[in-house]
Amino acid sequence: MLIGGIEAGGTKMVCAVAEVRAEAFLEGCQKEEGENAEGVRLLDRISIPTGQPEETLAEMIAYFKKWEIQALGIGCFGPVDLNRRSETYGHITSTPKPGWAYCDMVGTFEKALGIPVGFDTDVNGAALGEVTWGAAKGCGSALYITIGTGVGVGVYVNGGLLHGLVHPEGGHVLLARHPKDTYKGRCPFHENCMEGLASGPAVEERWGDKAYNLADRQEVWEMEAYYIAQAVADYILCYSPEKVVLWGGIMHVERLFPMVRGKVQELLNGYVRHPMVEERIDDYIVPPALGEDPGILGAVRLGMLEYDRTRSERPWHC
Ligand code: ZN
């Protein structure tokens, strides 16, 4: 069976088609030991620049029409409406991205393709990908945190993606300023939030150079780890994840991982008593196991779950 996935971003739309075997539907469910068939293979993908919605959506629809997909999943830039009882369910909501505010993502693809369409935030999609097939496989609760142009946090708790009143916006948690930081922050809403202080553009603006040119500057990454670790410690305290997956452009600076882990332990200060935090933190705060694909594979998984949900008989449901 073919399932489509879209990683819908503000600069590009990654569209992919995956071949999914029946057993793959069971991935992520409670399973017997040794029963770990992957069952999913990405057959094709394209990347379309995010222009005006009319043209961009038409191009995406034309791509998927070439394949016999049975369902589609979308991990979407936000904010989005995830409330199935809402009239604007499946829409992007108040984005400043020209033309995209209140764009009906789910309805557009459902109408054009006549198939079930799963929908969630881009970071929740990536969290789902890592929980199903990646570094957080088998976890009942896990986080996917991306630190790049923006900061986003996907939250999977007690076997499902967290939505709530709107959806979590962990990228904007408020942080204590580093005593030596005089940078004003980049977020138009908050003076001292995670995205405003620790995103890629914040690093560049604070230090006056591209992040990759700052690789040798220890003070840059010490300050960065100070902020990332505060946020991660807060998320650990709030969500009690079994795995914390950290990624995004900034986390490609490999030396950040040990710095963040050490600082998280220091900040938690022995309060969260668990071997994963106290002894095995290298195995607790990790990069994704799906490389650059957690978002697109997570989108495919969203499509699979929606296919499953909309069938009267649910042979794959666990
Ligand atoms: Zn903010």
Along principal axes, largest first, the alpha-carbon spread of segment 1-159 in whole Å comes out as 49, 34, 32
So, with points 7 Å from each Cα along the Cβ direction, the Gln218-Ser94 label distance in nm works out to 4.5 nm
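I'd like the antiparallel share, as a percent to the nearest 5, of DSSP beta bridges with both residues in the chain. All intermediate terms of the calculation are to be shown ahead of the outcome.
Working: 27 of 46 bridges.
Bridges in the chain that DSSP calls antiparallel: roughly 60 percent.
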What the 5 Å binned alpha carbon P(r) of segment 101-216 shows, as percent of pairs per bin from 0, is 2, 11, 15, 15, 16, 15, 13, 7, 3, 2, 0, 0
Filtered hits (aspartates and glutamates, Cα-Cα < 20 Å from Lys12, offset >= 8 within chain) -> Asp44, Glu54, Glu55, Glu59, Asp104, Asp120, Asp122, Glu292, Asp293
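Starting from 0.36 nm per residue, how many nanometres of slack lie between Cys238 and Glu254 once their C-alpha separation is accounted for? Can you show the working numbers first?
Details: separation 16, 0.36 × 16 = 5.76 nm, distance 2.62 nm.
Residue separation times 0.36 nm, minus the Cα-Cα distance, leaves 3.1 nm.
For segment 202-318, would you read off the P(r) tail past 25 Å as a percentage of all alpha carbon pairs? Spell out each step's value before the answer.
Values: 2755 of 6786 pairs.
The answer is 41 percent, as a whole percent.
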Quick calc: nm separation of the 7 Å Cα→Cβ label points for Asp44 and His190 -> 4.2 nm
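Can you compute the FRET efficiency between Gln52 and Glu279 using 1/(1 + (r/R0)^6), with r the Cβ-Cβ distance and R0 = 51 Å? Round to the nearest 0.05.
Efficiency, rounded to the nearest 0.05: 0.45.
What is the projected area of the convex hull of the Cα atoms of segment 112-180, averaged over all directions, in nm²? Mind showing how you got there, number by number?
Details: hull surface 29.3 nm².
Mean shadow area of the hull around the Cα atoms is 7.3 nm².
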Magnitude of the Cβ-charge dipole (Lys and Arg +1, Asp and Glu -1) of the chain about the Cα centre, nearest 20 debye, reported as 340 debye
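Quick one: divide the alpha-carbon radius of gyration of segment 230-277 by 2.2 N^0.38 Å and tell me what you get. Before the final figure, lay out each step's value.
Working: Rg = 10.9 Å, N = 48, 2.2 N^0.38 = 9.6 Å.
Dividing the Cα Rg of segment 230-277 by 2.2 N^0.38 Å gives 1.14.
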To the nearest 20 debye, segment 161-305 has a Cα-centred charge dipole, built from +1 on Lys and Arg Cβ and -1 on Asp and Glu Cβ, of 180 debye
Relative contact order in percent for segment 148-223 (Cα pairs under 8 Å, 6+ apart) equals 25 percent
Partner lysines whose C-alpha sits under 21 Å from that of Lys184, ignoring same-chain residues fewer than 8 away, are Lys210
Any lysines whose Cα falls less than 19 Å from that of Lys137, other than same-chain ones fewer than 8 residues away, would be Lys31, Lys243
Ranked by GNM mean-square fluctuation in the chain (Cα springs under 10 Å), the top entry among Arg280, Arg84, Arg301 is Arg84
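In debye, nearest 20: dipole of segment 227-309 around its Cα centre with unit charges on the Cβ of K, R (+) and D, E (-)?
On the way: 8 positive and 12 negative charges, 28 e Å.
Dipole of segment 227-309, to the nearest 20 debye: 140 debye.
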Final fewest-first order of Val20, Val153 on the 10 Å Cβ neighbour count is Val20, Val153
Taking the dipole of segment 182-318 about the Cα centre (Lys, Arg +1; Asp, Glu -1; charges at Cβ), the one of Gly208, Gln265, Ala299 that reaches farthest to the positive side is Ala299
With bins of 10 Å, the percent of all Cα-Cα pairs of segment 67-138 per bin from 0 is 20, 44, 30, 6
If each part is reduced to its alpha-carbon centroid, segment 239-258 and segment 88-166 end up apart, in Å, by 19 Å
Placing each pseudo-label 7 Å from Cα in the direction of the beta carbon, Val166 and Lys210 end up separated by a distance in nanometres of 3.3 nm
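Normalized C-alpha radius of gyration of the chain, against 2.2 N^0.38 Å? Before the final figure, lay out each step's value.
Numbers: Rg = 19.6 Å, N = 318, 2.2 N^0.38 = 19.6 Å.
Normalised by 2.2 N^0.38 Å, the Cα Rg of the chain equals 1.00.
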At q = 0.15, 0.17, 0.18 Å⁻¹, the log10 of I(q)/I(0) for segment 137-271 from a Debye sum over equal Cα scatterers comes to -0.70, -0.89, -0.99
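Read-outs throughout are calculated quantities, based only on the coordinates presented, and are distinct from any laboratory measurement. Source: prediction; values computed, not measured. In this analysis, Cβ positions are derived from the backbone assuming ideal geometry, glycine residues included, and neighbour counts consider all displayed protein chains.
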